[in-house]
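Please read the structure below before turning to the comments.
The values are calculated or read from the model by the stated rules, or taken from the named source; none is laboratory data. Note that this is a predicted model, so its numbers are computed, not measured. All Cβ positions, even for glycine, are placed from backbone atoms using ideal geometry, and neighbour counts span all protein chains on display.
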C-alpha cells in the first residue's frame, strides 16, 4: 500500500471522487503544509496557518498507479488558479501534491510537464509539489461529507458536478 496527499480546493470534493476510485482503500480529509500544530477547521479557514485542505489517500499500486491517481486529480480541479477553486479563495484551497516517496515526486513532475505540453490548460499549471509533512485529520464531521450530506447546497452545486465529470471520464476505474 502507498500513501499520497493531495490538495485541490475543498477537501469534500476530492474525498467524494477518490472514495469511488478502484484501488483507493482509504480517503481521509485533513490539513497539511502549514505551521500551526493541530489546526482546527476554523483556524485553517482564516488562511493564516499555511495549511491546505487535503485528502490523504491510501492505495494499492497493484490496482491503481500514482499516475492514474494524478490523472483524476488534474481532471477534477483547475490546477491553473493560484489559491482558488471556484468561489473558494485562500491559500488553504491551493493546488498541491504532497509526495511521500521520491518516485511520487518524479511522477508528479512528469505528469505536470506532460499536461503542460499538451495544451490541455490555457494557463500555466500552478500546482505545488512538496514533500509530505505532518498530516492532521480534519474534524469528524468533515469525513465522508458528501455521502452524509448529499442534499446540502454545496454538495449539489459544487461537488455533484465534479463527481459526475469523474464518473463519466473514469467509468472503468470505479469501484464495483
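Among the residues examined, residue 56 does not qualify as touching a residue at least 40 places away in the same chain (Cβ under 8 Å), over 22 Å from residue 26 (Cβ atoms) and touching a strand residue (DSSP E or B) at 6+ places or on another chain (Cβ under 6 Å). Here 53, 20 are screened, and the one residue that is buried (at least 24 other Cβ atoms within 10 Å of the Cβ) and within 26 Å of residue 155 (Cα to Cα) is 53.
Is there a residue being touching a strand residue (DSSP E or B) at 6+ places or on another chain (Cβ under 8 Å), modelled with pLDDT of 95 or more, within 29 Å of residue 39 (Cα to Cα) and in a helix (DSSP H, G or I) anywhere in the stretch 141-149? Checking the stretch 141-149: at least one residue is touching a strand residue (DSSP E or B) at 6+ places or on another chain (Cβ under 8 Å), modelled with pLDDT of 95 or more, within 29 Å of residue 39 (Cα to Cα) and in a helix (DSSP H, G or I).
For (1) assigned to a loop (DSSP other than H, G, I, E, B); (2) at pLDDT 95 or above, each residue gets a yes or a no:
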{"site": "103", "(1), (2)": "no, yes"}
{"site": "106", "(1), (2)": "no, yes"}
{"site": "113", "(1), (2)": "no, yes"}
{"site": "117", "(1), (2)": "no, no"}
{"site": "121", "(1), (2)": "yes, no"}
{"site": "129", "(1), (2)": "no, yes"}
{"site": "165", "(1), (2)": "no, no"}
{"site": "172", "(1), (2)": "no, no"}
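Here residue 125 fits the description: in a loop (DSSP other than H, G, I, E, B), modelled with pLDDT of 95 or more, surrounded by 13 or more Cβ atoms within 10 Å (Cβ to Cβ) and touching a helix residue (DSSP H, G or I) at 6+ places or on another chain (Cβ under 9 Å). Of the residues screened, residue 79 is one that is more than 9 Å from the chain's Cα centre (by Cα) and closer than 16 Å to residue 129 by Cβ.
Apart from one condition, residue 159 fits all of (1) under 29 Å from residue 101 (Cβ atoms); (2) buried (at least 16 other Cβ atoms within 10 Å of the Cβ); the exception is (1).
Among the residues of the stretch 62-79, those that are surrounded by fewer than 16 Cβ atoms within 10 Å (Cβ to Cβ) and part of a loop (DSSP other than H, G, I, E, B) comprise 62, 63, 65. Kindly provide the set of residues from the stretch 12-49 that are at pLDDT 95 or above, more than 14 Å from the chain's Cα centre (by Cα) and at positive phi, ordered by number. Once the filter is applied, which keeps residues that are at pLDDT 95 or above, more than 14 Å from the chain's Cα centre (by Cα) and at positive phi, the stretch 12-49 yields 23, 38. Here is a check on your reading of the model: is residue 95 more than 24 Å from residue 141 (Cα to Cα) and modelled with pLDDT of 95 or more? Answer is no for this residue.
It is to be established whether one or more residues within the stretch 82-101 are part of a helix (DSSP H, G or I), closer than 22 Å to residue 12 by Cα and over 13 Å from the mean Cα position of the chain (by Cα). Within the stretch 82-101, one or more residues are part of a helix (DSSP H, G or I), closer than 22 Å to residue 12 by Cα and over 13 Å from the mean Cα position of the chain (by Cα).
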